[in-house]
1. For the residue pair ILE40 and TYR113, what label-to-label distance in nm results when each label sits 7 Å from Cα along the Cα-to-beta-carbon direction?
2. How large are Rg and Dmax for segment 66-136 when only the alpha carbon atoms are used, in Å?
3. For the pair ASN73 and ILE2, what calculated FRET efficiency results from E = 1/(1 + (r/R0)^6), where r is the Cβ-Cβ distance and R0 = 25 Å, to the nearest 0.05?
4. Using the Cα centre of segment 4-224 as the reference point, and only Cβ charges (+1 on K/R, -1 on D/E), how large is the resulting charge dipole? Debye, rounded to the nearest 20.
5. Mind checking the full-extension length gain between GLU129 and GLU105? Use 0.36 nm per residue of separation minus the Cα-Cα distance, one decimal, nm.
6. What is the projected area of the convex hull of the Cα atoms of the chain, averaged over all directions, in nm²?
Amino acid sequence: MINIPANIDNIKVRIERAARKRNVDPHSVTLIAVSKMVDIPLVEQVYSLGVKDFGENRVAELNRKRQMLPEANWHMIGRLQTNKVKDVVGNTCLIHSLDRWNLAEALNQRAEYKKVLVSTLLEVNISGEEQKAGIAPHLVKSFLSEIGQLKNLKVLGLMTLAPLNDNQEESRPIFRELYALRDQLIKSSFRGVDLTYLSMGMSQDFEVAVEEGSNMVRIGTSIFRG
């Protein structure tokens, strides 16, 4: 039987240990529980244990669970199609998967219609894998330089996915490169951009992600399956 309280305690200890290695406050790292394919009673249990942020990769599931647990912070972490934008804007605290300009325009248009500001992270394909979404690193600066024209959209940071592997050390160069890119970009001033967050690290590699500067980790398996 899955012991969710023990799983969460274990994850928090590992985040704290990794944060101490980097000499940052462990509380500065947001734990996002990835609740895809998880029934709402388990989500509510995790919420009751102090985890307030949840991530979904399907719009319908995000909205279904948000209606059942509206007090939680709901993140859209999956690839977002433009025809689903109307169901996301105003219903999520942060979209992690802005990966192309026409999506940025669609998000901004819907946010303008609803008179809200939509917060996003720009997904960057650091690994260069063809099957992964995301902006190529060398195009990020020009992309961000254009964001200011979209008045109802704000980019709050960057996100990347490392290749799946059994050795988390293999993910370290990916995370290190995204952190270095963010450091470089901070030297420039982009309207509508605030590079506060680095969303990187999942169940198999969140410790090295935190060691390399991540302040948002997306963890599902290690919580709900253990």
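1. The answer from the label model is 2.7 nm.
2. 12.8, 38
3. Numbers: r = 23 Å, r/R0 = 0.93.
Approximately 0.60, to the nearest 0.05.
4. Values: 29 positive and 27 negative charges, 142 e Å.
For this selection, approximately 680 debye.
5. Numbers: separation 24, 0.36 × 24 = 8.64 nm, distance 2.51 nm.
Full-extension gain reported as 6.1 nm.
6. Details: hull surface 48.0 nm².
Answer in nm², one decimal: 12.0.
Laboratory data are not the source of any read-out in this text; all were calculated from the coordinates shown. Everything quoted here is computed from the prediction, not taken from an experiment. Virtual Cβ from ideal backbone geometry, glycine too; neighbours counted across all protein chains shown.
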